[in-house]
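Q: My questions will all concern the structure given below.
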Amino acid sequence: MKKEMKVGTLCVHAGEAPDPLYGAHTTPLYQTSTFVFESAEQAAARFGGKEGGYTYIRVAPNTPTHAVFVQKMAALEGGETGQTFSSGMAAIAAIALSQLEKGDHLVSNDVVYSSTYSLFSSILTKFGIEVSFVDTSDLEEVKKNVKKNTKLVFLETPANPTMTICDIAEISKMAREIGALSVVDNTFATPYFQRPLQLGADVVLHSGTKYIGGHADLLGGVVIGRRGFVKSMRSVVNNMGATLGPHEAWLCIRGLKTLHLRMEQHARNAMEVAQFLEAHPKIEWVRYPGLPSHPQHEIAKKQMSGFSGMISFGIKGGIEAGRKLMNRVELCSLAVSLGSVDTLIQHPASMTHASVSREVRMKVGITDDMVRLSVGVEDSEDIIADLDQALNW
Ligand code: LCS
């Protein structure tokens with residue numbers, strides 16, 4: 001595919017070609033666990049790494065369906081190649097396990113998805129890896145915390161659930177200077193609004209469960225980076241077994257075909273909902289990167305071409321009032337996950353981030369009054385009307 005194709009065209013076409021066997025227009029779903037070889041010699045060449053191609057579903061590049069998903073994502077992120085996983089967490093675990101060893105130091109955002117926090121704070125540390133959770137929105141803090149043995153700098157921006165933004169270009173530069181790898185969890189923004197590799201990051205990853213799949217019907221993950229980096233993950237990929245199912249890979253391809261359309265609508269709706277909430281007398285505060293009131297609005301404008309569909313806000317009356325709101329919504333679903341076509345509402349302190357201690361939550365700003373909205377692609381008037389009636393007590 002020509003380099004200069006626009007993003008919408010890439011969403012629809014990148015990585016795909018008519019099936020050479022029967023001419024099927026859409027990418028076939030290779031629902032198979034194993035592959036038949038033409039000869040014992042060919043099998044030996046494939047397993048010996050002398051010939052590319054497919055062997056067994058757990059072994060990269062898994063199946064031709066997975067390969068198309070990787071190519072589409074690589075085109076969208078502007079990266080060389082990648083690897084799919086059974087979940088976003090599997091993708092993060094594989095990056096950490098393949099790049100870090102005993103005595104290495106990891107710098108991470110202090111606000112990250114709760115399982116990322118647990119993986120870093122409770123699991124990696126068991127293997128002698130040192131972890132520092134840092135307010136990465138403050139470049140001085142990052143500078144103060146990187147050390148000689150820092151091997152990996154992990155950024156989640158916008159961060160789940162505070163929507164804190166950090167400067168990908170500046171921090172990637174700092175990481176490069178000390179020989180550390182910069183990794184960005186781009187789940188909230190998607191490559192439609194933010195392309196970390198173009199900003200200087202080494203690796204980008206997604207929970208494919210969210211905007212990539214887009215319809216709340218699958219679990220998946222994907223990592224994009226340079227060929228050498230992806231190769232360096234291969235042993236962990238092939239032996240850990242956190243393999244994406246072929247059907248999920250196929251659903252991700254289908255989801256990506258409309259990523260550009262969905263993201264435009266998510267962002268347009270989120271801006272309208274954020275403005276509605278900011279003006280509402282029962283709302284204490286709103287965090288949406290597109291609002292001038294967001295503390296890192298300027299950085300967001302610099303590195304994002306749009307502000308996606310995630311909002312967090314505090315309600316007057318704290319958690320009791322928040323519960324009342326969540327119990328009163330009718331159109332919005334009270335559910336975790338995010339990035340689906342339908343609007344989801346949840347309470348981070350008692351739901352997504354309940355596994356993070358209250359002390360840590362308070363320190364990093366995951367307050368008890370915080371409600372998180374994943375704004376869907378419905379008509380914005382209807383989402384706002386639902387929130388308005390739910391707040392009317
Ligand atoms: N990264 C981010 C930023 C996430 O929000 C999540 C999941 C993950 C990684 C992990 O992805 P998974 O393994 O679930 O595919 N976030 C969730 C959330 O906020 N609610 O439920 C899941």
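Q: Pulled fully out, how much extra length does the chain show between Ser305 and Tyr22, if you take 0.36 nm times their separation in residues and subtract their Cα-Cα distance?
A: 97.9 nm
Q: I'd like the antiparallel share, as a percent to the nearest 5, of DSSP beta bridges with both residues in the chain.
A: Roughly 55 percent of the beta bridges in the chain run antiparallel, per DSSP.
Q: Please state the shape class of the stretch 7-256: rounded when a/c is under 1.5, otherwise prolate if a/b exceeds b/c and oblate if not, all from the C-alpha gyration tensor.
A: Because a/c hits 1.5 or more and a/b exceeds b/c, the stretch 7-256 counts as prolate.
Q: Next up: Which value, in debye to the nearest 20, describes the size of the charge dipole of the stretch 260-390 about its Cα centre when Lys and Arg Cβ atoms bear +1, Asp and Glu Cβ atoms bear -1, and nothing else is charged?
A: Here the size comes out at about 580 debye.
Q: Taking the Cα centre of the chain as origin, sum charge times position over the Cβ atoms of Lys and Arg (+1) and Asp and Glu (-1), and report the length of that vector in debye to the nearest 20.
A: Dipole of the chain, to the nearest 20 debye: 1000 debye.
Q: For Lys282 and Ser357, what is the calculated FRET efficiency with R₀ set at 22 Å and r taken between the beta-carbons, to the nearest 0.05?
A: Using R0 = 22 Å, I get an efficiency of 0.15.
Q: From the residues Gln194, Val112, Ala44, which one has its Cα farthest along the dipole of the stretch 7-256 in the positive direction, the dipole being from +1 and -1 charges on Cβ of Lys/Arg and Asp/Glu about the Cα centre?
A: It is Ala44, whose Cα lies furthest towards the positive end.
Q: Helix 64-77 versus the longest principal axis of the chain: what is the Cα-based angle in degrees, 0 to 90, to the nearest 10?
A: 50
Q: Next up: Could you give the angle, 0 to 90 degrees to the nearest 10, between helix 246-256's Cα long axis and the longest principal axis of the Cα atoms of the chain?
A: 60
Q: Ranked by Cβ crowding within 10 angstrom, fewest neighbours first, how are Arg328, Arg262 ordered?
A: Ascending Cβ contact count within 10 Å gives the list Arg328, Arg262.
Q: Moving on to the next point. Among the lysines, which have Cα under 21 Å from the Cα of Lys173 when same-chain residues fewer than 8 positions away are ignored?
A: Lys143, Lys144, Lys147, Lys148, Lys151, Lys301, Lys302
Q: Compute the distance in nm between two label points, each set 7 Å from the Cα along the Cα-to-Cβ direction, one at Glu177 and one at Ile123.
A: If labels sit at Glu177 and Ile123, their model points lie 3.3 nm apart.
Q: Now for a separate question. For helix 318-328, what angle does its Cα long axis make with the longest principal axis of the chain, in degrees from 0 to 90 and rounded to 10?
A: 70
Q: May I ask you to compute the full-extension gain from Lys324 to His297, defined as 0.36 nm times their residue separation minus their alpha-carbon distance, rounded to one decimal in nm?
A: Extending this stretch completely gives an extra 6.7 nm.
Q: Something else about it: To the nearest 20 debye, what is the magnitude of the charge dipole of the stretch 45-123 about its Cα centre, counting +1 on the Cβ of each Lys and Arg and -1 on the Cβ of each Asp and Glu?
A: My answer is approximately 340 debye.
Q: Among Pro28, Val146, Phe307, whose Cα sits farthest toward the positive end of the charge dipole of the chain (+1 at Cβ of Lys/Arg, -1 at Cβ of Asp/Glu, about the Cα centre)?
A: The listed residue farthest towards the positive side: Val146.
Q: I would also like to ask the following. Using only the Cα atoms of the stretch 35-124, construct the convex hull and provide its projected area averaged over every direction, in square nanometres to one decimal.
A: 8.1
Q: Given points 7 Å out from each Cα along the Cα-Cβ axis, report the Glu381 to Ser39 separation in nanometres with one decimal.
A: Rounded to a tenth, the inter-label distance reads 6.9 nm.
Q: Can you tell me the mean projection area, over all orientations, of the convex hull of the stretch 206-355's alpha carbons? Units nm², please.
A: Mean projected area for the stretch 206-355: 11.3 nm², to one decimal.
Throughout, read-outs are computed from the coordinates displayed, never taken from laboratory work. Remember, it's a predicted structure, so these values are computed and weren't measured experimentally. A quick note on method: Cβ atoms are made from the backbone with ideal geometry, for glycine too, and the neighbour counts reach across all protein chains shown.
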